Amino acid sequence: MTTLVSIRSGRKYRNLYISFIIVLVVVVALLGCLQMAGITLGGGVSGEARLSLMAAGGWEEVVVGGDQPTPLPTPTRPDCHYYNCFNVYRCGRSGNQRLSVYVYPLKRYVDEDRVEIKPMSREFYEILDTILNSEYYTSDPQDACLFIPPIDTLNESNLRKDKIAQSLATLPYWNEGENHLLFNMLPGTAPLFDTELGVMRGKALVAGGGFSALTYRRGFDISLPVYNPAHQDAPLGTKSASLRQWLLVSSQVNLHREHLEDLEAQLSDPSVRPNDLLVLSKCHDHANLTRRCRGSHFYYYPAVLGDAKFCLVVRGGRLGQTALYDTMRAGCIPVVAADQYVMPFSEVIDWTEASVRIYEEDLPSVLEILKRDVSQERILALQQQVLFIYKEYFSTMHKITTTTFRILADRVFPAHARSLAQWNAPPRPTVPHNPLFLPLTAPASEGFTAVILTYDRLESLFQVIQTMVQVPSLAKVLVVWNNQKKAPPQASMWPKISVPLKVVQTRENKLSNRFYPYEEIESECILAIDDDINMMTADELEFGYQVWREFPDRIVGFPPRNVLWNNDTQSWKYDSEWTNEVSMVLTGVAFYHKYWSYVYTTQLPGDVKQWVDDNMNCEDIAMNFLVANLTGKAPIKVTPRKKFKCGECTSGDLSANEAHLVERSQCVRHFTRVFGTMPLKTVEFRADPVLFMDNFPEKLKLYDDMGSL
């Protein structure tokens, strides 16, 4: 078999080299064609996507106008909405409940003089690349729910609208008039709509920046952020608003005169403090886009936005402004004064949680509004939401494109749509949580299953079972017989108890067998207990179970241990000294949710489970690492008892044995490397019953038989 594999591998690599040379020649030829066509591929576009596009249809040249017959464009439908211009029956034809998007093959559209009508921008390539590498892409137009024309209409400023309209009319499915999507990132006041030509978009949806409420077809078009690639290297503004110098900064260089006068007038108000308002304009060096000036003082842009709590976004020459994008990247709260502006992704984003909207006529009193209506707590919440929305939906063309199609998918398949609460879920700090999604208090009715791992200590095992049966909440006893050389006792030899007793025989002698999710465990709670823990009282165990009910996601138990950092060795070490600090509760006697048995068996990272089984040690440490890593919480030590007859505490005081401590410390260090962190949390906390230390008659105490130190 080894020889056959070796021979086949040689042939495989020889064929691979030949294929690689052929592909390389084809790629060089295609890139040469691109260069001759005068088209440069922008950075950041995957080679896979470029080759897919080129292979789909090559770079056929299409002449628009002149002597060549060109189909006439369809007129724009300003009355379009989802129910009269979108054919939902094209969607889901293959039986999949997902949006399917088809990208037309790329072609080179030229006029009668062979001048390219619109070269493709890097941003448009990024849009196509995102689609081609997304879950939505389909190569079959018959399966398509949505069509993407291969014509770059992102920047309306330099569009030859008549030629673009004629180019769109050449597309095979365009004149069907339905389910096409055009991207228009830098529009005028009415994206892709010219009142004179009236032929740009037909019945197509438009994903555009700078929509006016007068031209936006709500529920049909999608309003995009106006993307600004000029400052992508600028750091994300994570500086807390409480540490920022300016209350409000205006940095736009295209403000209308009346708006600028409204802002300047506030600077002369005696109640305005020096750091309340900074109004910036162009510097004398108009070509330098990285500076803004105030008199003879200049400020670096967009860095100055990162030192402001609020940043003004006002209607300028265009309704949509890159100022909004720059503001959010800087972690500055937008103050939007553009009355008819349709905010980006407003269909799903709650902008009241991430911006302050004012009417343009209220600009003269903007400082008063901010000071009066926005508290410091509100400022921090707004900034947090701004950064969340920017990073999740705005930060790159990939994010913008993906968000666009997620919105469209939610429209087409509303049963699978995200709720508005999910779209606007704020970034939550990494805090301890309950991964089990359990109620705060587990029900008391079902009780717990005592899982006892044993090998061949029948006398102490039977004593443990006799103690267990006295605990009111015990539901079942499960004995894990870990001895493959000797069969368990016959049924007649086992103690006669009032709850079911099951015996499971294992195939191998492994410590991890104690944490296997056996089908016989029907209760949510498990008490893991060793077969020689025979000093526990029924009151102690019942109290431990009741404490677990209040903390069902934690390990709750009795033998405490800790880990310490050793400055000499620069490593962690295991500690068994009797101290008040606890970071582990050993599973020699501990309650935990049965979910953790499933996770331990199936999802324990790296070789931790194998390490435990090979070394026949540290399964309890591994379980503590697992639970702490997933919950971020410490275990709970119950009752003051510190003495236990357990595998660690036999005659000779094994816990103090140096070799034992070294071995346990090796486990701690190895598990830390595998987990990539030290997840254990050290606390000084212990749960005792009410009235435990009080001088009350024993009959008044619910748990009176509690062990001491």
Residues of region 122-144 being open to solvent by less than 30 Å² (accessible area, probe 1.4 Å), touching a residue at least 40 places away in the same chain (Cβ under 8 Å) and either among the hydroxyl-bearing types (S, T, Y) or in a loop (DSSP other than H, G, I, E, B) (or both), in sequence order, are Y125, T130, Y136, A144
In the set K309, K391, K399, the lone residue that is outside any strand (DSSP E or B) and touching a residue at least 60 places away in the same chain (Cβ under 8 Å) is K391
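When region 319-333 is examined, which residues are found to be within 21 Å of E156 (Cβ to Cβ) and buried (at least 23 other Cβ atoms within 10 Å of the Cβ)?
Residues of region 319-333 that are within 21 Å of E156 (Cβ to Cβ), as a first pass: 319-326.
Once the filter is applied, which keeps residues that are within 21 Å of E156 (Cβ to Cβ) and buried (at least 23 other Cβ atoms within 10 Å of the Cβ), region 319-333 yields L319, G320, Q321, A323, L324, Y325, D326.
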Residue set K118, K163; condition open to solvent by less than 40 Å² (accessible area, probe 1.4 Å), among the charged types (D, E, K, R) and not in a helix (DSSP H, G or I); output residue K118
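Residues are listed down the side, and each one gets a yes or a no for (1) among the small types (G, A, S); (2) touching a Gly at 6+ places or on another chain (Cβ under 9 Å); (3) under 30 Å from C145 (Cβ atoms):
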{"position": "V313", "(1), (2), (3)": "no, no, no"}
{"position": "G331", "(1), (2), (3)": "yes, yes, no"}
{"position": "M343", "(1), (2), (3)": "no, no, yes"}
{"position": "E353", "(1), (2), (3)": "no, no, no"}
{"position": "V356", "(1), (2), (3)": "no, no, no"}
{"position": "D373", "(1), (2), (3)": "no, no, no"}
{"position": "Q376", "(1), (2), (3)": "no, no, no"}
Here the residues within region 261-306 that are of a type in the set (F, W, Y) and not in a loop (DSSP other than H, G, I, E, B) are F298, Y299, Y300
Residues of region 541-583 being farther than 12 Å from K637 by Cα and of a type in the set (D, E, K, R), in sequence order, are E542, R549, E550, D553, D568, K573, D575, E577
Checked region 131-162 for anything in contact with a Leu (Cβ under 7 Å, 6 or more places away or on another chain) and among the hydroxyl-bearing types (S, T, Y); matches are Y136, T153, S157
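For region 530-540, indicate whether the set of residues that are of a type in the set (D, E, K, R), open to solvent by 40 Å² or more (accessible area, probe 1.4 Å) and either within 22 Å of F551 (Cβ to Cβ) or not in a helix (DSSP H, G or I) (or both) is non-empty. Spell out the reasoning first.
Initially, region 530-540 is screened for residues of a type in the set (D, E, K, R), giving 530-532, 539-540.
Then keep just the ones that are open to solvent by 40 Å² or more (accessible area, probe 1.4 Å); that gives none.
No: zero hits.
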Of (1) in contact with a Phe, Trp or Tyr (Cβ under 9 Å, 6 or more places away or on another chain); (2) open to solvent by 70 Å² or more (accessible area, probe 1.4 Å), A475 fails just (2)
Listed by first then second residue, the pairs whose first member lies in region 145-170 and is touching a residue at least 12 places away in the same chain (Cβ under 8 Å), whose partner is open to solvent by 40 Å² or more (accessible area, probe 1.4 Å) and assigned to a helix (DSSP H, G or I), with beta carbons under 8 Å and at least 6 positions apart or on separate chains, are L154/E123; A169/N175
Of the residues in region 240-253, those that are open to solvent by 60 Å² or more (accessible area, probe 1.4 Å) and in contact with a Lys or Arg (Cβ under 8 Å, 6 or more places away or on another chain) come to V253
Picked from region 444-467 (must be touching a helix residue (DSSP H, G or I) at 6+ places or on another chain (Cβ under 8 Å) and over 26 Å from R507 (Cα atoms)), the residue surrounded by the fewest Cβ atoms within 10 Å (Cβ to Cβ) is A444
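Residues of region 208-252 being assigned to a helix (DSSP H, G or I), under 22 Å from T401 (Cα atoms) and of a type in the set (A, V, I, L, M), which ones?
Narrowing region 208-252 to residues assigned to a helix (DSSP H, G or I): 229-231, 241-243.
Filter again for under 22 Å from T401 (Cα atoms), leaving 229-231.
Listed by number, the list holds a single entry, A230.
For every residue, the table says whether it meets (1) among the aliphatic types (A, V, I, L, M); (2) crowded, with 24+ Cβ neighbours inside 10 Å; (3) at positive phi.
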| residue | (1), (2), (3) |
| --- | --- |
| S571 | no, no, no |
| E577 | no, no, no |
| E581 | no, no, no |
| Y598 | no, no, no |
| T602 | no, no, no |
| M616 | yes, no, yes |
| M623 | yes, yes, no |
| K637 | no, yes, no |
| P640 | no, no, no |
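Among the candidates F591, F551, which residue alone is under 21 Å from P472 (Cβ atoms), open to solvent by 30 Å² or more (accessible area, probe 1.4 Å) and either within 37 Å of the chain's Cα centre (by Cα) or in contact (Cβ under 8 Å) with a residue 12 or more places away in the chain (or both)?
Details: F591 fails: open to solvent by 30 Å² or more (accessible area, probe 1.4 Å).
Exactly one of F591, F551 is under 21 Å from P472 (Cβ atoms), open to solvent by 30 Å² or more (accessible area, probe 1.4 Å) and either within 37 Å of the chain's Cα centre (by Cα) or in contact (Cβ under 8 Å) with a residue 12 or more places away in the chain (or both), namely F551.
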Contact list, first residue from region 265-285 and surrounded by 13 or more Cβ atoms within 10 Å (Cβ to Cβ), second anywhere and among the acidic types (D, E), beta-carbon distance below 8 Å, six or more apart or interchain, is V279/E264
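To keep it simple, each residue is scored yes or no on (1) under 15 Å from A213 (Cβ atoms); (2) over 27 Å from the mean Cα position of the chain (by Cα); (3) open to solvent by 10 Å² or more (accessible area, probe 1.4 Å).
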| residue | (1), (2), (3) |
| --- | --- |
| A303 | no, yes, yes |
| G306 | no, no, yes |
| G317 | no, yes, yes |
| V335 | no, yes, no |
| Q340 | yes, yes, yes |
| F345 | no, no, no |
| E353 | no, no, yes |
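The values are calculated or read from the model by the stated rules, or taken from the named source; none is laboratory data. Keep in mind it's a predicted model, so treat the numbers as computed, not measured. Cβ: placed from backbone, ideal geometry, glycine included. Neighbour counts: every protein chain shown. Surface accessibility is based on the protein's heavy atoms, side chains included, excluding ligands, DNA and RNA. Shrake-Rupley method; radii C 1.70, N 1.55, O 1.52, S 1.80 Å.
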